[in-house]
1. Is it true that some residue in segment 147-158 is of a type in the set (Val, Ile, Thr) and open to solvent by 60 Å² or more (accessible area, probe 1.4 Å)?
2. In this structure, does THR287 turn out to be hydroxyl-bearing (Ser, Thr, Tyr), under 23 Å from ALA123 (Cβ atoms) and not in a helix (DSSP H, G or I)?
3. For TYR275, which of the numbered conditions (1) assigned to a helix (DSSP H, G or I); (2) open to solvent by 10 Å² or more (accessible area, probe 1.4 Å); (3) at pLDDT below 95 fails to hold?
4. Being open to solvent by 20 Å² or more (accessible area, probe 1.4 Å) and in contact with a Phe, Trp or Tyr (Cβ under 9 Å, 6 or more places away or on another chain) is the filter here, so list the residues in segment 355-371 that pass it.
5. Only one residue in THR212, THR234, THR190 is free of Cβ contacts under 8 Å to residues at least 60 places away in the same chain, of a type outside the set (Phe, Trp, Tyr), surrounded by 16 or more Cβ atoms within 10 Å (Cβ to Cβ) and farther than 23 Å from ASN273 by Cα, so which one is that?
6. Quick one: which of TYR386, TYR329 is closer than 27 Å to PHE165 by Cβ, of a type in the set (Phe, Trp, Tyr), in a helix (DSSP H, G or I) and in contact (Cβ under 8 Å) with a residue 24 or more places away in the chain?
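The values are calculated or read from the model by the stated rules, or taken from the named source; none is laboratory data. Only a predicted model underlies this, so the values are computations on that prediction, with no experimental measurement involved. Using ideal geometry, Cβ is built from the backbone for each residue, glycine included, and neighbour counts are taken over all protein chains shown. The protein model used for the area step is the full one, side chains on, heavy atoms only, and it has no ligands, DNA or RNA in it. Shrake-Rupley method; radii C 1.70, N 1.55, O 1.52, S 1.80 Å.
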Amino acid sequence: MISSVKPTPSSFSATSTGARRSIPTKLQFSPLHITRSCHNQSFINSNVSHQKPLHISSAENLSSFKREVRVEAYEADRSRPLDINIELPDEQSAQKLKIGIYFATWWALNVVFNIYNKKVLNAFPYPWLTSTLSLACGSLMMLVSWATRIAEAPKTDLDFWKTLFPVAVAHTIGHVAATVSMSKVAVSFTHIIKSGEPAFSVLVSRFFLGETFPLPVYLSLLPIIGGCALAAVTELNFNMIGFMGAMISNLAFVFRNIFSKKGMKGKSVSGMNYYACLSMMSLLILTPFAIAVEGPKMWAAGWENAVSQQIGPNFVWWVVAQSVFYHLYNQVSYMSLDQISPLTFSIGNTMKRISVIVASIIIFHTPVQPVNALGAAIAILGTFLYSQAKM
């Protein structure tokens with residue numbers, strides 16, 4: 001309905017001499033339909049739409065009832081827009097770039113760590129001390145960062161450290177077992193066996209926690225188990241201690257993840273600080289066991305032998321590098337968990353193993369049979385299918 005504009009009779013008057021009085025500005029609006037009139041033909045031709053707001057172009061110089069009051073309409077969408085040039089960044093593209101940087105850094109640091117770790121273990125076959133140095137270096141780096149305010153120290157309480165303790169125990173076992181494995185077998189073989197971690201995750205969750213999974217998840221375990229078995233039986237330099245070390249590492253890291261999920265719900269500690277606290281507690285747990293298993297006398301003899309070889313000062317650099325890069329790659333992986341979903345992290349972890357296997361084979365000239373490579377490919381494919389099935 002269009003509101004028509006009608007001047008009230010009291011608003012207009014004329015004297016006997018025809019003199020005109022001034023027109024007051026008060027107007028009365030009534031919700032009447034506009035009717036056709038011969039005196040207002042020009043008004044009818046103005047093509048007024050009932051969907052458009054009205055605009056009074058002039059309310060002045062009205063002299064009589066027959067005086068034309070012209071009403072025009074304007075297009076609302078043709079009104080002049082605000083000239084505000086604000087460019088908003090594409091948040092989705094920025095997030096993808098950030099995740100890509102996390103993944104690239106994570107993979108690169110992991111590859112470098114595995115290379116230097118294997119070089120150290122070839123010259124200094126003491127995995128318990130090597131594992132201890134890795135945790136000690138990371139703990140020292142984070143303490144310095146907190147002391148110098150480079151990183152903000154976490155606010156923790158006694159309950160935090162209680163819930164962290166079982167996580168640290170599992171982390172310590174998994175870390176030492178993986179290092180023992182790499183001291184006995186090729187890096188590529190250790191990571192092929194460690195690609196079977198999803199199988200342990202499903203089995204532990206099923207039989208210890210009572211969780212059930214859809215059929216595709218169970219089916220995805222077949223290529224994982226089959227591929228790892230094929231790679232193991234065709235490994236040229238197979239070693240039982242190296243194989244069992246990788247398997248124990250898988251089991252320990254599965255329990256670490258379970259304890260971490262259960263104990264850290266609602267905790268407001270960042271991924272970087274969480275791993276720093278984990279490293280410190282693991283260091284306290286590991287140090288007495290490392291001394292008991294290997295001991296200072298063995299370390300001193302082994303260190304002297306390693307330094308006296310042709311590698312000389314390079315050995316010291318290798319020890320420092322493997323310790324620093326171990327902490328950095330784990331820190332980045334925990335930081336990435338703050339930005340991505342567990343599924344994306346799982347896929348990234350699978351791709352990380354591929355990069356480590358390929359890089360170690362190239363750098364260390366590891367002999368690989370075609371059937372061994374096929375087993376590795378099947379196991380890694382199964383890990384990828386597992387990630388998709390879990391979604």
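1. Yes, that holds for at least one residue.
2. no
3. Every listed condition holds for TYR275 apart from (2).
4. SER355, THR366
5. Details: THR212 fails: surrounded by 16 or more Cβ atoms within 10 Å (Cβ to Cβ); THR234 fails: free of Cβ contacts under 8 Å to residues at least 60 places away in the same chain.
Unique residue meeting the criteria: THR190.
6. That would be TYR329, the only listed residue that is closer than 27 Å to PHE165 by Cβ, of a type in the set (Phe, Trp, Tyr), in a helix (DSSP H, G or I) and in contact (Cβ under 8 Å) with a residue 24 or more places away in the chain.
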